[in-house]
Every structure is written in structure tokens, then in C-alpha cells.
Amino acid sequence: MSEAIIEKDQMPEQLSDILLVFDKAKMKIEAVTGIDENGKLKTIDANNKNQNQFMRVDKNGDFFSNFFSNFISQLKNPTNFSFFKVPEPIAVDTAKVMQKQVENPTKKGEQLMKQYEIKAEPQQDYKQANQNTMATKETPSETSEYRFKPEQIDWETMSNLGLSKEKLEKMNLLDPLLKGYKTNELVPISLNLGTAITRMDARLSLQTGEDGKVVMAIHGIHKEPNLNFEFFGHKFTSEDKKNLLETGNMGRIVDLKNPKNGEIIPSIISVDRLTNELVALKTDFIKIPDEIKGIKLDDSQKQTLMEGKPLNLEGMISKKGTEFAATVQFNADKRYVEFLFDRGNSNQQTQNNQQNQSQEVPKTFRGKELDNEQYQKFKDGQTIYISGLTDKQGKAYQGYITFNKETNKTDFSFQNPDKLKEQAKPTDAHKTQTSINSDGKTNEATKNIKEPLQPKQQTPKDEKQQEQQEKSQAPAKSKGRKM
């Protein structure tokens, strides 16, 4: 990778291009200035007065291809626009000619438009990002040998992305990159385009360019997988789209066309779940294990996975030693058989979860097996009485057990915890006493005292309070008429 991003004041004009756009709604050629936070394209009239606001982009192919792929993925309604990359010195004049072509089409004007047009179709966007999965020479060796050397990387260009050898080593990303794999996590990078700086998270991979030099491919985040256009010559069916969106895997083998030499390559397709990028893998590189979680696969099961189809397996053993069932499928991006716990049919997932949960609830406690009625109540979280238990000294004992669903453990108590909770509830007398002692409320012996009571006071504290209490309790005088 020999291209380096240079600051605007150091960039010769012949190395800088201007991004023009044809807005199909407005029928107008304009210059691009950027994208706002809502994914709306920002443009300006393509004239000399506004020239200092034009978005300038790197002229070189590999770097621009990655930038433009990410640019399109951030843009809302990209099909409403056609883009053109024009050298800066002739950008304004070319925009005028293009506008005349829009208003009065001619064959000469059409040739000019085609000369500078940038293809925004997904197959072009993915061409650079996925070339490692479309050609045998671009696929990492199964022996995990290094395909690249650190000295082949243009570290000066990498510094313009905010990356360095030391940083990649610290993030444990350099080793997989040198082996030919994409980083297994998103990496924060910055693209310095002279008058515009774009910051984004992306996965990275090293690839060999057409000139034999090593280039860094930037796999930017897409809003969603773009399934409405051809992907290396394949048109997605409604079933393909459904599978890719629900499970991340298309579920079948299709013939893809290598854009470099026209070679037809049988492949499977998956979605990169970090970036929503489509990834294709040649079937020659699908490796199916002989055993998955204790289940030895027969030839029929292996063939199902080799064809990219999902396979339901029962009786697998988890790390905790419990049996479970799940659907497995080969993922083109991860390059191994994955479990589809978090995707796929929700009813099947719920059923599996319920099955796993029921199997995790033990049917025996300290050697004592529960009968069916006890076990059902125990699973439901009820407290059950159990007898016939034996301690270490051989003495029999009994008690109460409850299955704690939060900890997945059995709680034991010699006394019924439900009755203990009931006994722990405050009685009416206790509530009254609490009101007197804690809340400052009165009882019968102090209800007529006007002064605030002291904590825990249940009787008048002195003669004055005693008089207040007795005076209020004295019989009222008769208000009858004198005879």
C-alpha cells in the first residue's frame, strides 16, 4: 500500500479529485460537501465561488474504493443519486458540461458522464472488500501461516488512519491481519481527506492489490445488508433475503462470478454481523468437524453443513454437563460451524430454552429422588417437604427444599421457609406499638397529651402531662338549665 493521505496544503492538484453528484429529483449536477447526521447528502452549486467547500477525495483507486463504499453505506436513499469523480482543475467546467447533458442529452455528453461516473452498485462496493473470499490465492492457509510481513505494510499511510504497528500489536490485531484474516472486532479509524475528516469504526484486512502491493481494506459499517442488487452476479430471492436477515446465513450454495476473470465460483454467503457487509466463501474452504459437542456427525449431516444448510442437533453436551439441542450452520464470515441460539425461529428457541431449563432442575437431592408430584412443584419454585435424608454420621433427617431460579441452586431449610415468612409478618399489636415508638403516634394512655412524645414513650412522663391526660378524661359538666 503506497498511497498516503496528505494534508490539503501539501496536496498537488493533480492528486485531488472532486466528488460531483447528479440529483435525479432535482435534475441538477452539484458538488458534494458531505453527509449530515441523518444520512442526507449535503451539496452546493458547482461554481468557482464555492470551490473551497467542495469535498476533495484521494485520487488513488484502492483507497478511494474503500472510502466510497463506506460513504455510500452511510447515505440515505443512495439510488437517488449518480456520482462522478472529476479532477479538481476541471471540476467546475465539467459540471457545466454535465448539466447541459442532463438538459439536452447527446452521445458525446453521455460518453463524458460515463468517463467520470462512479458505480455505486453494491457489487462494485463489495468488490474490493470481498476479493479475498472470491479467489483461491486470497484465502488464508489452513495451517495459519503468515501471508504478509509487517514490512510490506505502508506504516506512513497507516498513521494517517490513526493506526500504528504498536497500536495494532497492543490490540492483538496485527497477528490475524498478517495471517490474512479480518480483525474480529471494530477498529476506530480516521480518514483525512484534506478539507474533510471522517471518523468511523470498521473491520480491517490486508489484501494484495493488482500491482502486487499490500493494501489495507477498510470494511465500514453498513446500515443493513444490501440485498436489492446483484452480488457478484447473484440475484437474491425472497427466501435468500429472509434467511440472511434472520440467521445471517443464506443457507445454500450459489455460483458467483469473479469480476476479475469471469471464473464461476461455487460459494456460500453470510452477513458480517459487525458491519452488515456481505461475505462470500468458496465451498472448497468449508471445513466440517467430525464431532460437535459430543455428537459424532454422519456423512449425511456433514453434507448438509457442507451445502451451507442449517442442521438441528439433539443430545449435545454443554460445558456444565447438561444436554441441549440447537441448530448449527456454517458461517462464511467466521469460517466455522456456529450455533444459532440468538437467531432463527423464536418458537424453536423458546422450546429449547424451556427444555434446557427443565433439564437443569435436578430430580434428586442429597441422594433422595423426588417423585413426579414433588418434582413438578419443585420445578415451579414451590417449597416441598423431603424426608429420608442421611447426614455424614448416618443419622436420618428431614427438611424443606426450594429451587432458586435466579441461582439455579437448591435452598434447604430444617423449618418451612413459607411458615417462617408468615410468622415474620408483623401482628396488629406489633404494628400499633411500632406506630407509637417509631412514627410518633399515640396510644390510649397518651392520646390527650399535647406535647410531642419521646421515642418509645407509652405513658405521661411527668405531672404536667398526667394532668393534661386526666383533665381531658374528666366527665364534662352539665349544661342544663337552673331550676
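Read-outs: derived from the displayed coordinates by stated rules, not from any lab. This structure is a prediction, so every number in the text was calculated from the model and none was measured. Cβ: placed from backbone, ideal geometry, glycine included. Neighbour counts: every protein chain shown.
How would you order 369-376, 253-260 from highest to lowest mean count of nearby Cβ atoms within 10 Å?
On the way: 369-376: 13.0, 253-260: 16.1.
Descending mean neighbour count gives 253-260, 369-376.
Going by C-beta contacts inside 10 Å, put Ser267, Ser300, Ser82 in order with the fewest on the left. Don't skip to the end; give the middle numbers.
Numbers: Ser267 25, Ser300 8, Ser82 18.
Placing the least packed residue first, the sequence is Ser300, Ser82, Ser267.
Using the 10 angstrom Cβ neighbour count as an exposure proxy, how do Thr322, Thr402 rank, fewest first?
Thr322, Thr402
What is the spin-label model distance, in nm, from Phe412 to Phe285 if the labels are put 7 Å beyond Cα along the C-beta direction?
Modelled inter-label distance: 5.6 nm.
For a quick check: sort Ile118, Ile317, Ile269 by the number of other beta carbons within 10 angstrom, fewest at the front.
Ranking Ile118, Ile317, Ile269 by Cβ neighbours within 10 Å, fewest first, gives Ile317, Ile118, Ile269.
Taking square-rooted eigenvalues a ≥ b ≥ c of the alpha carbon gyration tensor, is the range 238-283 rounded, prolate or oblate, where a/c under 1.5 means rounded and, failing that, a/b exceeding b/c means prolate?
Prolate, because a/c is 1.5 or more and a/b exceeds b/c.
Given a Förster distance of 60 Å, report the FRET efficiency between Thr322 and Asn80 from their Cβ-Cβ distance, rounded to the nearest 0.05.
Values: r = 53 Å, r/R0 = 0.89.
It comes to 0.65.
Any of Lys296/Lys409; Lys241/Lys334; Lys165/Lys282; Lys213/Lys235; Lys170/Lys319 with alpha carbons more than 23 Å apart? Name them for me.
Numbers: Lys296/Lys409 32 Å; Lys241/Lys334 19 Å; Lys165/Lys282 31 Å; Lys213/Lys235 32 Å; Lys170/Lys319 31 Å.
Result: Lys296/Lys409; Lys165/Lys282; Lys213/Lys235; Lys170/Lys319 exceed 23 Å.
Starting from 0.36 nm per residue, how many nanometres of slack lie between Met306 and Met171 once their C-alpha separation is accounted for?
45.2 nm
Work out, step by step, the length gained on full extension between Gln51 and Phe229: first 0.36 nm times the residue separation, then minus their alpha carbon distance; give nm to one decimal.
Value of the extension gain: 60.7 nm.
Just grab the label-to-label distance for Asp371 and Lys296, each label 7 Å out from Cα along the Cβ direction, in nm (one decimal).
4.2 nm
Per residue, how big is the convex hull around the C-alpha atoms of the range 182-301? Give it to me in cubic angstrom, could you?
Working: hull volume 20.5 nm³, N = 120.
About 171 Å³ per residue, rounded to a whole number.
Hey, what do the phi angles of the range 104-111 turn into as Karplus ³J(HN,Hα) couplings, whole Hz, using 6.51/-1.76/1.60 and θ = phi - 60°, x for Gly and Pro?
9, x, 9, 5, 5, x, 5, 5
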